[in-house]
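**Q** Take this structure first; my questions come after.
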Amino acid sequence: MDQRWRPTVNEREFIEQALQSDLRVDGRRPFDFRKLTISFGREDGSAEVLLGETCVMGYVTAQLVPPYKDRPNEGTLAIFTEFSPMADPAFEPGRPGEAAIELGRVIDRGLRESRAVDMESLCVVAGKHVWAVRVDLHILDNGGNLTDAANIAALAALSTFRRPECTVGGDDGQQVTVHDPEVMDPLPLTIHHLPIAVTFAYFGDGNIMVIDPTYKEEAVMGGRMTATINSNGDVCAIQKAGGEGVMSSVIMQCLRIASVKAADITSKIKTKIHQL
């Protein structure tokens, strides 16, 4: 539970009674997202996402490393999250807490298991050199629903990232030369699709649900589920984090709603990228 705001009995009842009337404290309908703003930094591979009051920055870097032995011709993708006390007094400096680890895992699962990024295109010399792509997600302000905001930040940053061009030569044909951006144009990542995370919060006995919960709604909710879906309607991952049990019919309804929202957010991300 959010430590900076603990709801009183009256506040909890007010939020829950409003939800029973299809109303939310901030005036949204149950299945409305807050205002989404995506902006890009001067460097390739950096993006900042504002989802209501929630702010997350994504930054992508890459370096040449030896591949894993069981995947000699594939690069790697890793997600790292940083929860700053500046974003929320509940966040403690130092080692990442459970919330930071869980957030990283949800986004990592949606991206990697759906094979959104072409890992084979990151191979330079099979068994010797591959690109290791790292996504750092910095939580700048916690206004609730960090998962969706961080997911969009990761996708926006990956979409604009350019890795250095490199050539292979030498006597043995194994020597790699990494070229400066002024010499050879950097290359974008090969991204097959954008897996969009849509988070649902459940209230009561799981029969009341909303998407994109604020931190006040998160303090009152009985449980949550994140469905990661691309614009084709393919389910990439589902994460149910504790709380009340949910009927399968409700989950199917959530997936239908998430599919529509994923297509909408995908078009917003692509529109912002085309404007660069």
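The values are calculated or read from the model by the stated rules, or taken from the named source; none is laboratory data. These numbers were taken from a predicted model, which means no experiment stands behind them. Note that each Cβ is placed from the backbone with ideal geometry, even for glycine, and that neighbours are counted across all protein chains shown. Surface areas here come from the heavy atoms of the whole protein model, side chains and all, with no ligands, DNA or RNA. Shrake-Rupley method; radii C 1.70, N 1.55, O 1.52, S 1.80 Å.
**Q** Scan segment 178-202 for residues that are without any contact (Cβ under 8 Å) to a residue 60 or more places away in the chain, surrounded by 13 or more Cβ atoms within 10 Å (Cβ to Cβ) and not small (Gly, Ala, Ser) and report the count.
**A** Looking only at that region, the number is 7.
**Q** Within the group 216, 261, 268, which residue is modelled with pLDDT of 85 or more, out of contact with any strand residue (DSSP E or B) (no Cβ under 9 Å at 6 or more places or on another chain) and within 17 Å of residue 34 (Cβ to Cβ)?
**A** When all the criteria are applied, what remains is 216.
**Q** Another one. Would you say residue 263 is within 18 Å of residue 114 (Cβ to Cβ), of a type in the set (A, V, I, L, M, F, W, C) and open to solvent by 30 Å² or more (accessible area, probe 1.4 Å)?
**A** Values: within 18 Å of residue 114 (Cβ to Cβ): yes; of a type in the set (A, V, I, L, M, F, W, C): yes; open to solvent by 30 Å² or more (accessible area, probe 1.4 Å): yes.
Taking the combined requirement at face value, the residue satisfies it.
**Q** I've got another one for you. Taking segment 31-75 on its own, how many of its residues are part of a strand (DSSP E or B) and more than 17 Å from the chain's Cα centre (by Cα)?
**A** 4
**Q** Within segment 40-58, which residues are open to solvent by 30 Å² or more (accessible area, probe 1.4 Å) and either under 19 Å from residue 271 (Cβ atoms) or not hydrophobic (A, V, I, L, M, F, W, C) (or both)?
**A** 40, 41, 42, 43, 44, 48, 50, 52, 53
Each row is one residue, and each column tells you yes or no for (1) in contact (Cβ under 8 Å) with a residue 60 or more places away in the chain; (2) closer than 17 Å to residue 202 by Cβ.
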| residue | (1), (2) |
| --- | --- |
| 19 | yes, yes |
| 25 | yes, yes |
| 37 | no, no |
| 41 | no, no |
| 46 | yes, no |
| 49 | yes, no |
| 53 | yes, no |
| 56 | yes, no |
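**Q** Another question about this same structure. Take segment 171-209 and flag every residue that is part of a strand (DSSP E or B), farther than 28 Å from residue 127 by Cβ, aliphatic (A, V, I, L, M) and touching a Leu at 6+ places or on another chain (Cβ under 7 Å).
**A** Scanning segment 171-209 gives a single hit, 208.
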